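The values are calculated or read from the model by the stated rules, or taken from the named source; none is laboratory data. This structure is a prediction, so every number in the text was calculated from the model and none was measured. Here the Cβ positions follow ideal geometry from the backbone for every residue, glycine too, while neighbour counts run over all protein chains shown.
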Amino acid sequence: MITLGFLGAFGDAIEFIFNERESVSGGVQIGGLGEMVDLSLTHILVSAVPMAAAVLLFLPLGLTLGHKNRGEFLAISVSNVGRAVPSLALLAFFLAYLGIGFTNVATVLFLLAIPPILTNTFVGVRQVDSSVVDAARGMGMSDLEIIRKVELPLALPTIFAGIRVATVAVVATATIAPLANVHTLGVPITEPQTYGTAGQLGAAILVAFVTLGADGLLRLVQRAMTPPGLRLSDDNSPEGKTRLTLGTLRRERTT
Amino acid sequence: MSALLGLPIAQVQIQERAGDSCIATNGFCPDWIADNFDRYVDPFFEHVFLTVVSVGIGFAIAFSLALLAHRLRWTFGPISAVTQVLYTVPSLAAFFLLQPITGRGNLTAIVALVAYTLFILFANITTGLQNVSDDVKDSARGMGLTDRQLLWRVELPLALPEIFAGLRIATTTTIGLATLAFFAGGGGLGAVIEQQLFFKSNVVVAGGLAVALAAVFDLLILGIQRLSMPWRRVQLAT
């Protein structure tokens, strides 16, 4: 057994993650890798299911709307409204009116995931240079081909920025799921009388890791999906990277 | 009271005091809200305080960082990467990660919220500066403007739409995240939601106030944006 007590609160928290101990109020064994892995898996499951559903349903919708340049008002304002509704308020609303449980929490997270995905997909497609789309049409591509082979790849940075923003929001909000009786990593956070400060801090560390891990994974997926010819214009260059969009489409880039 | 529910007398009493039965059945109770509205006033202003201070400090830092990245291009990558990590770590987790260092209270909440706003603001300010066309900069230089004049009189004014867009996103997001500040020992509307999480009237009022606050701030910033860019209004009028 490794003792990390000398690192103070953080050491105690890390020890909590790896080794079981008696609960603060006594009587129960808490913490340790077994429980933490269980909580993490529930956390990931309750986040992944609504994320997958939101991407499967609203990515195609965003692509279609963007391609046809229809429904800009809807696609943009859904995001403005979505940002204004606090996740805690949304969860509390669902709890008070529809009750607790996995389905309700997943529904709340699904609703949270929609705005960034829909808006960023729409904006990403709209930002594709129209002469590129014209050229594709001139080469005889169908609408479906243009979406799939031209607009989607060129919009990927913006689309993935939206998916990542949604993922962070969903994983973060899944932390308060224990309020709805879903046992995620939020359990030690919401029950300090049992888990103590070490449990709270340990769980917070794991939540941060899960989020950063999901974010890193999505970056890898984005990289894998980006055609080699487009990879040069990847992240971390200031040139025209729109991660967070609001209201109006950005001005045309000067080239 | 529930033990007496079987007795006819108790039922009559409950019918007479309709407000109470509304609470007992956990309905949406306008009477209760009217009677108890004052309990939301302090948390509401605490929420405003958390938001204004966090976005204010966040903007000051992000603005300085953006000017630095604008002047020294090589700093853009590192600053962008660091702020992005701070943005990715959920503020709820940050509220606890900071507690061993800053203790419980509004300070912890503000530090976490500031950290969260940095990336949004930094990204938007730098995008705004980046979007200023080279032709405009060339002609400004041709007119004899120094670097400093170019920045303050040409680049920053032209970057205002993106800067304001960033402010609006950061503000509404912060209002949402500040509802979780009670986890850090801070106040705000979230604390009231959490106290009576399953009471419909409470959830609707506290949540509604948070949404209303976000809407008001959003319109306020939009108004300031209109006022600060008179040349845009002229364009729209013609």
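Data for the structure
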| quantity | calculated |
| --- | --- |
| Meets criteria (facing another protein chain (nearest Cβ under 9 Å) and either over 20 Å from A:G213 (Cβ atoms) or not aliphatic (A, V, I, L, M) (or both)) for B:S80 | yes |
| Count of segment A:160-195 residues which are facing chain B (nearest Cβ under 10 Å), among the hydroxyl-bearing types (S, T, Y), part of a helix (DSSP H, G or I) and in contact (Cβ under 8 Å) with a residue 24 or more places away in the chain | 2 |
| Those residues of segment A:95-106 which are more than 14 Å from chain B (Cβ to nearest Cβ) and touching a residue at least 60 places away in the same chain (Cβ under 8 Å), in sequence order | A:F102, A:A106 |
| Helices (runs of 4 or more DSSP H) enclosed by segment B:64-155 - at least 3 residues per element that are surrounded by 13 or more Cβ atoms within 10 Å (Cβ to Cβ), free of Cβ contacts under 8 Å to residues at least 24 places away in the same chain and out of contact with any Pro (no Cβ under 8 Å at 6 or more places or on another chain) | B:76-88, B:91-97, B:134-142 |
| Condition met for B:T127 (within 11 Å of chain A (Cβ to nearest Cβ) and in contact with a Leu (Cβ under 7 Å, 6 or more places away or on another chain)) | no |
| Every pair of residues 6+ apart whose Cβ atoms lie under 8 Å, when the first sits in segment B:187-200 and is at positive phi while the second is crowded, with 20+ Cβ neighbours inside 10 Å and assigned to a loop (DSSP other than H, G, I, E, B) | B:G188/B:T179 |
| Subset of segment A:7-38 [within 12 Å of chain B (Cβ to nearest Cβ) and not in a helix (DSSP H, G or I)] | A:G8 |
| All positions within segment A:125-140 that are in contact with a helix residue (DSSP H, G or I) (Cβ under 9 Å, 6 or more places away or on another chain) and under 17 Å from A:L230 (Cβ atoms) | A:V125, A:Q127, A:V128, A:D129, A:V132, A:V133, A:A135, A:A136 |
| Test: A:V46 is in contact (Cβ under 8 Å) with a residue 40 or more places away in the chain, within 14 Å of chain B (Cβ to nearest Cβ) and either on the phi > 0 side of the Ramachandran plot or in a helix (DSSP H, G or I) (or both) | no |
| Test for A:L7: is it modelled with pLDDT of 85 or more and not hydroxyl-bearing (S, T, Y) | no |
| Any hit, segment B:6-13, residues being in contact with a Leu (Cβ under 6 Å, 6 or more places away or on another chain) and modelled with pLDDT under 90 | yes |
| Answer residue from segment B:183-200, given it is at the interface with chain A (Cβ under 9 Å from one of its Cβ atoms) and either surrounded by 24 or more Cβ atoms within 10 Å (Cβ to Cβ) or among the aromatic types (F, W, Y) (or both) and is nearest to B:L65 (Cα to Cα) among those | B:F183 |
| Filter result for the condition that a residue is modelled with pLDDT of 90 or more, surrounded by fewer than 16 Cβ atoms within 10 Å (Cβ to Cβ) and either closer than 26 Å to A:M51 by Cα or in contact with a Ser or Thr (Cβ under 9 Å, 6 or more places away or on another chain) (or both), over A:V168, A:V221 | A:V221 |
| Residue check, B:H47 modelled with pLDDT under 95, surrounded by 14 or more Cβ atoms within 10 Å (Cβ to Cβ) and over 21 Å from B:Q130 (Cβ atoms) | yes |
| Top-ranked residue in segment A:64-94 [being crowded, with 22+ Cβ neighbours inside 10 Å, touching a residue at least 60 places away in the same chain (Cβ under 8 Å) and within 18 Å of the chain's Cα centre (by Cα); ranked as nearest to the other protein chains (Cβ to nearest Cβ)] | A:L88 |
| Conditions (1) closer than 27 Å to B:V89 by Cβ; (2) surrounded by 24 or more Cβ atoms within 10 Å (Cβ to Cβ); (3) free of Cβ contacts under 8 Å to residues at least 60 places away in the same chain: number failed by B:V203 | (1) |
| Some residue of segment A:123-136 being surrounded by 19 or more Cβ atoms within 10 Å (Cβ to Cβ), in a helix (DSSP H, G or I) and within 14 Å of chain B (Cβ to nearest Cβ) | yes |
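Matching residues to (1) surrounded by 21 or more Cβ atoms within 10 Å (Cβ to Cβ); (2) within 15 Å of A:L90 (Cα to Cα):
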site: A:A155; (1), (2): yes, no
site: A:T173; (1), (2): yes, yes
site: A:I176; (1), (2): yes, yes
site: A:L179; (1), (2): no, yes
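To keep it simple, each residue is scored yes or no on (1) closer than 22 Å to A:P86 by Cα; (2) of a type in the set (A, V, I, L, M, F, W, C); (3) modelled with pLDDT of 90 or more.
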| residue | (1), (2), (3) |
| --- | --- |
| B:G77 | no, no, yes |
| B:V82 | no, yes, yes |
| B:Y87 | yes, no, yes |
| B:L113 | yes, yes, yes |
| B:I120 | yes, yes, yes |
| B:T127 | no, no, yes |
| B:A140 | no, yes, yes |
